[in-house]
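One structure follows; several queries about it will come next.
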Amino acid sequence: MSVLPESSAYFLIAHGSRDPRSRQALEACTMFVRQALDPSQSLEQAWPLVGAGVLEFGDQPLAVQIETFAKTASRDGIRRIFLLPLFLMAGNHVKQELPEAVQIAQRHSSSELTLCPHLGSHPDIQNLVRDRMSQTHCDRWILLAHGTRRPHGNESVENLAEQLNATPTFWATEPNLETQLETWAGNHQRVGIVPYFLFTGSIIDVILKDIHRLKLRFTALDLQITQPLNPSAQ
């Protein structure tokens, strides 16, 4: 973005979770974005104006969260709001639910609301994943994403996996992790698993438990799992 931070406000949108770790991670992302917009400011200072909301498990519907933030920005003379979706895949949340929420908010706001492309479409996202992979030497790599049943919704993960020389698998759709490991079960090799998720949370806990089960089943495979992306300056 080429706009000046003082002329605009920025609102990060995450999926939302009951897990407090997810909320803490979103708050950390907010501070990193604020500092990136104006490196001269400390993380604790309130300018530039950067806020955050959630699609699910929020105290209010997302549209109301956006309206409230826009009103706060308007009091400081800011009428231009960039909405930044912290989603890695273009599923129904990104393609349908977010635009609908923004349309509702726009009808009740005099501010200019701009819904930006989702985070997973950023060309540098592969560098974040590659950083995780570089920390462990493995014979094979698996990129494990949530997955979506929306037509062509998994293509971005498949393309990313190809760029990283990894095999794509999905938590909610096929091919899943266990199905893929079955094809390698006869060979002794070290397999790295990158959870393509933004934050550590309850779903990562479930994945870790499942990988423990898979280690007991596929004893010839040395399964290694990295951290999800998690908040960082990068």
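I need every pair where a residue in segment 33-57 that is open to solvent by 70 Å² or more (accessible area, probe 1.4 Å) has its Cβ under 8 Å from the Cβ of a residue that is modelled with pLDDT under 65 and in a loop (DSSP other than H, G, I, E, B), sequence separation at least 6 or different chains.
TRP47/GLN41
Out of all the residues in segment 208-228, is one or more touching a residue at least 60 places away in the same chain (Cβ under 8 Å) and hydrophobic (A, V, I, L, M, F, W, C)? Give the steps one after another, and end with the answer.
As a first pass, look at segment 208-228 and keep what is touching a residue at least 60 places away in the same chain (Cβ under 8 Å): 224, 226-227.
Then drop every residue that is not hydrophobic (A, V, I, L, M, F, W, C), which leaves none.
Taking every residue of segment 208-228 in turn, none turns out to be touching a residue at least 60 places away in the same chain (Cβ under 8 Å) and hydrophobic (A, V, I, L, M, F, W, C).
Taking segment 153-171 as the region of interest, how many residues are open to solvent by less than 30 Å² (accessible area, probe 1.4 Å), of a type outside the set (A, V, I, L, M, F, W, C) and touching a residue at least 40 places away in the same chain (Cβ under 8 Å)? Break it down stepwise before answering.
Going through segment 153-171, the residues open to solvent by less than 30 Å² (accessible area, probe 1.4 Å) turn out to be 153-154, 157, 160-161, 164, 166, 169-170.
Checking which are of a type outside the set (A, V, I, L, M, F, W, C) leaves us with 153-154, 169.
Still in the list and also touching a residue at least 40 places away in the same chain (Cβ under 8 Å): 153-154.
Total satisfying the criteria: 2.
In the set ARG107, ARG130, ARG150, which member is open to solvent by 40 Å² or more (accessible area, probe 1.4 Å) and either in contact with a Gly (Cβ under 8 Å, 6 or more places away or on another chain) or within 16 Å of LEU12 (Cα to Cα) (or both)? Lay out the reasoning, then the answer.
Working: ARG107 fails: either in contact with a Gly (Cβ under 8 Å, 6 or more places away or on another chain) or within 16 Å of LEU12 (Cα to Cα) (or both); ARG130 fails: either in contact with a Gly (Cβ under 8 Å, 6 or more places away or on another chain) or within 16 Å of LEU12 (Cα to Cα) (or both).
After applying the criteria, what remains is ARG150.
Residue by residue through segment 188-209, note down the ones that are surrounded by 15 or more Cβ atoms within 10 Å (Cβ to Cβ) and either in a strand (DSSP E or B) or touching a Leu at 6+ places or on another chain (Cβ under 8 Å) (or both).
Here is the first cut: in segment 188-209, the ones surrounded by 15 or more Cβ atoms within 10 Å (Cβ to Cβ) are 191-201, 203-204, 207.
Once the filter is applied, which keeps residues that are surrounded by 15 or more Cβ atoms within 10 Å (Cβ to Cβ) and either in a strand (DSSP E or B) or touching a Leu at 6+ places or on another chain (Cβ under 8 Å) (or both), segment 188-209 yields VAL191, GLY192, ILE193, VAL194, PRO195, TYR196, PHE197, LEU198, PHE199, ILE207.
Say whether the condition of being in contact with a Cys (Cβ under 6 Å, 6 or more places away or on another chain) and not small (Gly, Ala, Ser) is met by at least one residue in segment 84-99.
If we filter segment 84-99 for residues that are in contact with a Cys (Cβ under 6 Å, 6 or more places away or on another chain), which is where we start, we get 84.
Add one more test, that the residue is not small (Gly, Ala, Ser), and what stays is 84.
The answer is yes; a qualifying residue exists.
Okay, next question. Name the single residue, out of those in segment 57-84 being of a type in the set (Lys, Arg) and assigned to a helix (DSSP H, G or I), that is nearest to SER22 (Cα to Cα). Let's see the steps before the verdict.
Initially, segment 57-84 is screened for residues of a type in the set (Lys, Arg), giving 71, 75, 79-80.
Now drop any that are not assigned to a helix (DSSP H, G or I), which leaves 71, 75.
Working: LYS71: 26, ARG75: 29 Å.
Filtering first and then ranking leaves LYS71.
Determine if segment 21-32 includes at least one residue that is more than 20 Å from PHE199 (Cα to Cα) and open to solvent by 60 Å² or more (accessible area, probe 1.4 Å). Spell out how you get there, then give the answer.
Within segment 21-32, the first condition is being more than 20 Å from PHE199 (Cα to Cα), and the residues that meet it are none.
No - not one qualifying residue is present in segment 21-32.
Scan segment 84-104 and give yes if some residue there is open to solvent by less than 20 Å² (accessible area, probe 1.4 Å), more than 17 Å from the chain's Cα centre (by Cα) and either modelled with pLDDT of 95 or more or within 29 Å of ILE211 (Cα to Cα) (or both), otherwise no.
There is at least one residue in segment 84-104 that is open to solvent by less than 20 Å² (accessible area, probe 1.4 Å), more than 17 Å from the chain's Cα centre (by Cα) and either modelled with pLDDT of 95 or more or within 29 Å of ILE211 (Cα to Cα) (or both).
Let me ask something else about it. Is there any pair with a first residue in segment 74-92 that is touching a residue at least 40 places away in the same chain (Cβ under 8 Å) and a second that is assigned to a loop (DSSP other than H, G, I, E, B) and open to solvent by 60 Å² or more (accessible area, probe 1.4 Å) whose Cβ atoms are under 6 Å apart and which are 6 or more apart or on different chains, and what are they?
Filtered contacts from segment 74-92: GLY91/ARG150; ASN92/ARG150.
Same structure again: Is segment 26-43 home to any residue that is aliphatic (A, V, I, L, M), at pLDDT 90 or above, closer than 26 Å to GLY153 by Cα and outside any helix (DSSP H, G or I)?
Initially, segment 26-43 is screened for residues aliphatic (A, V, I, L, M), giving 26, 28, 31, 33, 36-37, 43.
Next cut, at pLDDT 90 or above only: 26, 28, 31, 33.
Narrowing further to those that are closer than 26 Å to GLY153 by Cα: 26.
Applying the additional criterion that residues be outside any helix (DSSP H, G or I) yields none.
Looking for residues that are aliphatic (A, V, I, L, M), at pLDDT 90 or above, closer than 26 Å to GLY153 by Cα and outside any helix (DSSP H, G or I), one finds none in segment 26-43, hence no.
Give segment 216-234 a look and list any residue that's surrounded by 13 or more Cβ atoms within 10 Å (Cβ to Cβ) and farther than 22 Å from ALA28 by Cβ, or say none. Give the derivation first.
Going through segment 216-234, the residues surrounded by 13 or more Cβ atoms within 10 Å (Cβ to Cβ) turn out to be 218, 221-226, 228-231.
PHE218, LEU221, ASP222, LEU223, GLN224, listed by residue number.
The values are calculated or read from the model by the stated rules, or taken from the named source; none is laboratory data. The model shown is predicted, which means the values in this text are computed figures rather than measured ones. No Cβ is skipped: glycine too gets one built from the backbone with ideal geometry, and neighbour counts run over all protein chains shown. Only protein heavy atoms, including side chains, enter the accessible area calculation; ligands, DNA and RNA are left aside. Shrake-Rupley method; radii C 1.70, N 1.55, O 1.52, S 1.80 Å.
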